[in-house]
Structures are given as structure tokens and as C-alpha cells.
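Shown next, in C-alpha cells, is the structure this report addresses.
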Amino acid sequence: AKYFLENGSPLRPVHIPHVIIARFMELAIGNTKKNLETCGVLAGKLSHDAFTITTLIVPKQTSTSDTVAMLNE
């Protein structure tokens, strides 16, 4: 492992498919152009001691240039 927690435990690798990154960028571009933050929740599975992201959730939200909050969590 390249990075470790304070207690010496190694951090697990996280694999995010390019399609998920591209989709988030598509959804965020409108807010980005308005100088607004966008949040998303990544979900996935742990397999072979690595996390693989399989799902992107972009909830209803309100934001400013420095903050973002999910609505009706």
C-alpha cells in the first residue's frame, strides 16, 4: 500500500470507472458554469480488498460557490 492510516493500517484502493466520472461531469457542468458546487454519492462493493464504484447518486441539492447540501436525505 502507498498510503496508511494513523494506526498504520493501509488504505484500500478505490476503482472508479471512467463512465461514472464522465457522467458526474455531465451532470455538474451546468452548476460549474454558474460557480455552484455539486455533490454526488458513490456506492459500490468491496472485493479482493479494493473498493469498486458501481453507482453514482446525485440527489436533489442546494448549493453556493462554497457549499452544497442534499435535500430530503
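Coordinate-derived values only; no laboratory data. Note that this is a predicted model, so its numbers are computed, not measured. All Cβ positions, even for glycine, are placed from backbone atoms using ideal geometry, and neighbour counts span all protein chains on display.
Of everything in segment 2-44 that is touching a Leu at 6+ places or on another chain (Cβ under 7 Å) and loosely packed, with under 10 Cβ neighbours inside 10 Å, the residue that is nearest to A69 (Cα to Cα) is L5. Residues in segment 15-44 that are within 26 Å of A1 (Cα to Cα) and either polar (S, T, N, Q) or in a loop (DSSP other than H, G, I, E, B) (or both): I16, P17.
Restricting attention to segment 38-72, which residues are over 21 Å from H18 (Cα atoms) and charged (D, E, K, R)? It would help to see each step written out before you state the result.
Taking segment 38-72 and keeping what is over 21 Å from H18 (Cα atoms), we get 60-72.
K60, D66 - these are the residues of segment 38-72 that are over 21 Å from H18 (Cα atoms) and charged (D, E, K, R).
Within segment 50-73, residues that are at positive phi sit with their Cβ atoms under 9 Å from residues that are surrounded by 12 or more Cβ atoms within 10 Å (Cβ to Cβ), at 6+ positions apart or across chains, in these pairs: N72/P59.
Just so you know, in segment 45-64 the residues that are surrounded by 10 or more Cβ atoms within 10 Å (Cβ to Cβ) and not in a strand (DSSP E or B) include one that is farthest from the chain's Cα centre (by Cα), and it is T64.
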